[in-house]
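Only one structure is covered here, and it is reproduced in the block below.
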Amino acid sequence: MHSRAANLISDSLEGWTPSPEAQQIIVWRVMQMFLSRYGSVPLGQMLVSMTTTVLNELGRAPTVTELCEATGLPKSSISRYISAQMEQDLITETIDPQDRRRRMLGQTDTGKAERRWQVRQMRKILESVCDWDRARAAGGELNPDDELEAMKAVARGDAPEAFHPKRKSGRSAA
C-alpha cells in the first residue's frame, strides 16, 4: 500500500502551485524575515546555517569540507560563518575521534529552537502568499499598494523580534 507524503508546512497549501509572482514574493519575504531576525548577515552565512540545519534534520552532522562542497563557498568563509554561529550558540563542533582533522557540526538546543521559529515563520509566509495567489488567480481585485505596505512594515521592523542569543564559544571532543 502506497501512502501519500504529509505536508508538514500546512494543509491549506494542498494542491497549490505558486505562480511565478508568488514565488518571487516568497523569496522576498523569506529574505526579509532573515534580515529582520538576524540583521545584515552575509548571504553565505544564511546558506551555511540552512545547509547545516537540513543535514542535521536528516541525521547527518556535516563537516566543514562537506559544507564547502555543498555550498560552493571557500573554506575560509565557512570557518568564519561557523565561528559566528558557535558564538551565538546555534551550532556546536565535535572533533571526530577517528580523524581529529574532521570537525562535525551539530545543532544546539538554541539552534533547534531557532529552526522551529523559522518553520513557523515559513508557514505564515506560505499561507499568506497562497491566499494572495489564489485570490489573484480567481480574478480578485488585488491592490499592489497593499503588498508594498506589507513590505514596508517588515522593513521598518514590524516583524518578529531580532535574534540576540547569549554569547558562547567552545569546542568539544567526542
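Values in this text are rule-based calculations from the coordinates and carry no lab data. Model, not experiment: these values are computed from the prediction. Here the Cβ is made from the backbone with ideal geometry for all residues, glycine too, and neighbour counts use every protein chain on show.
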(request) Report the label-to-label distance for Lys112 and Ser19 in nanometres (one decimal), using points 7 Å from each Cα along the Cα→Cβ vector. (result) 4.1 nm
(message) Sequence gap at least 6, Cα distance under 8 Å: using those rules, report the relative contact order of the stretch 19-161 to the nearest whole percent.
(response) 29 percent
(request) Take the alpha-carbon centre of the stretch 35-53, take the same for the stretch 74-114, and report the distance between them in whole Å. (result) 14 Å
(message) Can you compute the FRET efficiency between Met46 and Arg101 using 1/(1 + (r/R0)^6), with r the Cβ-Cβ distance and R0 = 25 Å? Round to the nearest 0.05.
(response) 0.40
(message) Using a Cα-Cα cut-off of under 13 Å, which aspartates and glutamates could be cross-linked to Lys124, ignoring same-chain neighbours fewer than 8 residues away?
(response) Asp11
(request) Order these peptides, 140-152, 67-79, by their mean beta-carbon neighbour count within 10 angstrom, highest first. (result) 67-79, 140-152
(request) Report the label-to-label distance for Arg60 and Asp131 in nanometres (one decimal), using points 7 Å from each Cα along the Cα→Cβ vector. (result) 3.8 nm
(request) Can you put Met46, Met86 in order of Cβ neighbours within 10 angstrom, beginning with the fewest? (result) Met46, Met86
(request) Work out the FRET efficiency for Thr94 and Glu69 from their Cβ-Cβ distance, taking R0 = 22 Å, and round it to the nearest 0.05. (result) 0.70
(request) Work out how much length Ala150 to Arg80 would gain on full extension: take 0.36 nm times their residue separation and subtract the Cα-Cα distance, in nm to one decimal. (result) 21.8 nm
(request) Excluding residues on the same chain fewer than 8 positions from Lys112, give the aspartates and glutamates whose Cα lies under 17 Å from its Cα. (result) Glu57, Glu87, Asp89, Glu93
(message) Can you tell me the length gained on complete extension of the stretch Lys124 to Trp28, counting 0.36 nm per residue apart and subtracting the Cα distance?
(response) 33.2 nm
